[in-house]
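The values are calculated or read from the model by the stated rules, or taken from the named source; none is laboratory data. Predicted model only: the values in this text are computed from it and were never measured. As a convention, Cβ positions derive from the backbone with ideal geometry for all residues, glycine included, and neighbour counts pool all protein chains shown.
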Amino acid sequence: CLYLTQHRGVVESFGIPYIKPFLIFGSPPFAFHKINYQDWMIGQCKKLGRTWGRYDGINPTIVSIDPEFIKQVTVKQFDSFTDTFDFHTPDDSTTLDISQGDTWRALRKMLSPTFTTGKMKSMLEPMEAIAERTVDYIEEKVKNNSTIDVKPILQGFTLDTIAKCAFGLETKAYKGEDDQFAKTAYDVFNQFRADTWTNVLFFNIVSHFPVISRFFNLWPESAMKIREMTTQIMNERDKNNVEVGDFIDRLREHKANVEPPVTPPMIDAQGIVFLTAGFETTATTLGHMCYLLAKNPDAQEALYEEIMRVCDSSAKIDHETIKDMHLLEGAFNETLRIRPPVTEHDRLCTKDCVVEGIKIPKGTRIQLPNLPAHIDEEFFPDPFAFKPERFLKENAHQITPFTWRPFGSGNRVCIAQRFATTEVLIFMAKLLSRFRILDSPSTKLNYFRGDLFLLSHSEMNIKFELRA
Ligand code: HEM
């Protein structure tokens, strides 16, 4: 009992509204499989305000959508919040997204150059070719039936893109080939869904006894397979003296001169986050965008006109021409506002500090949900309307910084934001230039039960009409 209540009083001392803990446990809810977590979070932000507290298991936690608070935590006082939640895996299998302190700094420094303009260049041509052949495949499919489930095709597209751009692998997951590879990537995701009471029990145990995760490798078997695959590709390239200039080559470069706190097995483990973070987030965003465009035909026509205007003099759709498709980028941003696939980002306080008048002791968790901010009408008037023009240059000043956070914010912002943006814009420009996306009675957006984010919907039935 003493262990479970050791931090009691901390949340109470913040002087903000909070959810009381239940007996010796943290604050409810506990049965995640029985509630819609996003609705619950939105409801709490409405009820308790923009900054409030709770006990996440034994851990004192501040939840905030207040832009000034978020700016302090993720940028101004970042030195006191370098870490994410202490989801400790043994050091050798820690990946960038869950690494802490100096290990995170070293890994971020090592991996950031993968996405500089120069390095991205070599990824763009393959990305364009993969998008083109995937849209060709959609054209072939809709010849038989104009309404198809695009979800597996979109997942296949993002999987093929990350396989090629990061690992140099030629896969054809867009048409259902390379099943084993795709299955391994999906499996890592499925482990983190709170859809059964046993999974929920596991989440509750880890949040009440976080120390457990320090002694066990919580990565599932499938994640270990991705790590093995990463090592194998590196070894083969070493043996054949091949250099491609991609993510794998960056890892090889660093493995040859590795310095503590980074270790050689830790370098191999980075393949896990690139493969898993790199496909389902983007595939879900593409699915969401198709859905929202099917429901908003006027906005879709405006995008089509823009694409045609930019590519008027037979310029092809590529990474250069998409730079002039501002409304399309607005539609992407608007999609991520209404349906952000990753609905929060987290920090752990590593040094006592004061933020916006709240004394925050070391060890406090900071949970920064984005969806409640994205639909807060003070931040985004008429929040449920799909309006890509909100993000046009001339309107951008109306958006308060740190209210739109689908990629997180500050120093730990998504490392691949530009990569994901380019990938979606290229694909959608190619798709919309060829097809009208239509609503149909079976066009629905249903998330998997127990999805703690909006990360994966079930089928995405879209009706396609070939443009003349
Ligand atoms: C639309 C697509 C994507 C969305 C919405 C997204 C969202 C996010 C969010 C919310 C975070 C947490 C940021 C924070 O804590 O402030 C994050 C981190 C991260 N993302 Fe993404 N992501 C996307 C695509 C990708 C892709 C394609 C990759 C890899 C190729 C990737 C790799 C990562 C990594 C490695 C981190 C951890 C960064 C760190 O802790 O330093 N993401 N992403």
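Side notes on the structure shown:
- Checking the stated criteria, GLU423 turns out not to satisfy the condition of being surrounded by fewer than 22 Cβ atoms within 10 Å (Cβ to Cβ), modelled with pLDDT of 95 or more and over 13 Å from the mean Cα position of the chain (by Cα).
- Here the condition is being surrounded by 13 or more Cβ atoms within 10 Å (Cβ to Cβ) and acidic (Asp, Glu); of GLU253, GLU259, it holds for GLU253 alone.
- Residue ID - surrounded by the fewest Cβ atoms within 10 Å (Cβ to Cβ), chosen from residues in the range 44-74 that are part of a loop (DSSP other than H, G, I, E, B) and at pLDDT below 95: ILE58
- Any chance SER207 is in contact with a strand residue (DSSP E or B) (Cβ under 7 Å, 6 or more places away or on another chain), surrounded by fewer than 23 Cβ atoms within 10 Å (Cβ to Cβ) and assigned to a helix (DSSP H, G or I): yes
- A single member of VAL135, VAL142 is out of contact with any Cys (no Cβ under 8 Å at 6 or more places or on another chain), away from the ligand (no atom under 16 Å from the Cβ), over 14 Å from LYS430 (Cβ atoms) and touching a residue at least 60 places away in the same chain (Cβ under 8 Å), and it is VAL142.
- Residue tally, condition of a type in the set (D, E, K, R) and more than 11 Å from the ligand (Cβ to nearest atom), over the range 91-126: 6
- One residue from PRO381, PRO388, PRO401, PRO369 being surrounded by 14 or more Cβ atoms within 10 Å (Cβ to Cβ) and under 28 Å from THR51 (Cα atoms): PRO369
- Restricting attention to the range 153-196, the residues that are part of a helix (DSSP H, G or I), modelled with pLDDT of 90 or more and away from the ligand (no atom under 16 Å from the Cβ) total 3.
- Qualifying position, being in a helix (DSSP H, G or I) and either in contact with a Leu (Cβ under 8 Å, 6 or more places away or on another chain) or over 22 Å from GLU465 (Cβ atoms) (or both), among GLU329, GLU305: GLU329
- Matching option when the condition is touching a Gly at 6+ places or on another chain (Cβ under 9 Å) and aromatic (Phe, Trp, Tyr), among PHE81, PHE22, PHE85: PHE81
- Of all residues making up the range 138-178, the number that are out of contact with any strand residue (DSSP E or B) (no Cβ under 9 Å at 6 or more places or on another chain) and among the hydroxyl-bearing types (Ser, Thr, Tyr): 4
- Flag for PHE453 being crowded, with 17+ Cβ neighbours inside 10 Å, assigned to a loop (DSSP other than H, G, I, E, B), touching a residue at least 40 places away in the same chain (Cβ under 8 Å) and more than 8 Å from the ligand (Cβ to nearest atom): yes
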